[in-house]
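The values are calculated or read from the model by the stated rules, or taken from the named source; none is laboratory data. All figures in this text were calculated on a predicted structure; none of them were measured in a lab. Here the Cβ is made from the backbone with ideal geometry for all residues, glycine too, and neighbour counts use every protein chain on show.
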Amino acid sequence: MIRFRKFGRVELNVTDLARARRFYEEVVGLQFVAIGADGELLLRCDHDHHNVVLHEAASAGLRVAGFALEDEAQFAPLRARLEQAGLQVQDVSPSLCARHMQQRAVRVYEPLVGAVIEFYLPLADAARPFLPSVARIQRLGHVVFNTPKPKEAIAFWRDVLNFRVSDAVGEMVTFMRVWPNPWHHGIGIAKSTSHSLHHVNYMVSEIDDIGRALSRLRKAQSPVVFGPGRHPASESVFLYFLDPDRLTMEYSFGMEAFPEEHAREARELPLRPEWLDAWGSERDPRCFTGAGPNSTPDLVSEGA
Ligand SMILES: CC(C)c1ccc(C(=O)O)c(O)c1O
Ligand SMILES: [Fe+2]
């Protein structure tokens, strides 16, 4: 059984790196870490070396989603399962691992969510104290993938990767735990007509982080597109907003935690507005719709 630590890193394409840097540092509250060898920007929101990498590109969207493994012993069964499922597993080069402060990493193109996925082990000494700034972000929370093949994708992440389903809201979205990480979901799989980024979530420390964000986003003229509200599925208080490329980002506070074993059964919640927001806020049509296509499979070998 493969064991994961968490959803720990995400690489995004943005169309204007300087503008995105200002937004992610000053409005979202990520901390600048470094500029990478290809000009990409490394940022963080917890004690890891980095959690978010921004690359300048022609269109904005998801580039890589990264999941930290529990330990070195997970790589062999992971590779075996991925290859058995017909995926090509590529080792990330030692030089890229060193730049990312990783002991080891592998990448695959996962065709069902249509995205490049990385599995990695951080270097033991990569952890450093993190001082939150405008928002008391605790961690990168989850990534939700848009896919035209949600049923097959859910089966893959459950049966091949050992993720666990926590809840589904109709056929719209299914939430999965990065087992045995306790949080209600580290990924979501959303039904859509194409492969793209639905949203990225940051978990904050207190409800005031949500209220303060509302004022800060308004001042920065960044569209707030859903919330504040409460998700009945994970029980979290949420706020969605758009980045300068109209990628949807979410802050959330409070989330159900699951035990490793004997967890409650997954629920099928009805697809009704009150099951998405118990407080009844209205969703702006731009929410969840701004991302361009995900990066293509050749990115897997770029890191090799
Ligand atoms: C509306 C979106 C898909 C959604 C719904 C519920 C939760 C949750 O229970 O935490 C989310 O995080 C969402 O992003
Ligand atoms: Fe979310």
Please tell me if GLU152 is in contact with a Leu (Cβ under 6 Å, 6 or more places away or on another chain) and either surrounded by 22 or more Cβ atoms within 10 Å (Cβ to Cβ) or at pLDDT 95 or above (or both).
-> yes
HIS47 is checked against (1) of a type outside the set (Gly, Ala, Ser); (2) in a loop (DSSP other than H, G, I, E, B); (3) touching a Leu at 6+ places or on another chain (Cβ under 6 Å) and fails just one. What number does that condition carry?
-> (3)
Output the qualifying pairs, or none if there are none: Cβ atoms under 7 angstrom, residues six or more apart or on different chains, first residue in the range 181-202 and basic (Lys, Arg), second residue modelled with pLDDT of 95 or more and away from ligand 2 (no atom under 11 Å from the Cβ).
-> LYS191/PRO150; LYS191/GLU171; LYS191/MET172
Provide a single number: the residues in the range 53-85 that are of a type in the set (A, V, I, L, M, F, W, C) and buried (at least 19 other Cβ atoms within 10 Å of the Cβ).
-> 12
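Just checking, how many residues over the range 75-102 are part of a loop (DSSP other than H, G, I, E, B) and touching a Ser or Thr at 6+ places or on another chain (Cβ under 7 Å)?
Applying the first criterion (part of a loop (DSSP other than H, G, I, E, B)) to the range 75-102 yields 85-89, 92-93, 100-101.
Still in the list and also touching a Ser or Thr at 6+ places or on another chain (Cβ under 7 Å): none.
Selection size over the range 75-102: 0.
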Mind listing just one residue for me: the one in the range 249-298 that is under 17 Å from the mean Cα position of the chain (by Cα), more than 17 Å from HIS142 (Cα to Cα) and among the small types (Gly, Ala, Ser) and, of those, modelled with the lowest pLDDT?
-> SER295
Output yes when any residue across the range 59-67 is assigned to a strand (DSSP E or B), touching a residue at least 60 places away in the same chain (Cβ under 8 Å), more than 21 Å from PHE145 (Cα to Cα) and of a type outside the set (Phe, Trp, Tyr), and no when none is.
-> no
Go through the residues of the range 18-27 one by one and say whether even a single one is part of a helix (DSSP H, G or I), of a type outside the set (D, E, K, R) and out of contact with any Asp or Glu (no Cβ under 8 Å at 6 or more places or on another chain).
-> yes
Of residues in the range 209-248 being part of a helix (DSSP H, G or I) and under 20 Å from the mean Cα position of the chain (by Cα), the one nearest to THR174 (Cα to Cα) = ILE210
Residue within the range 205-213 that is more than 9 Å from ligand 1 (Cβ to nearest atom), under 16 Å from ASN146 (Cβ atoms) and modelled with pLDDT of 95 or more present | no
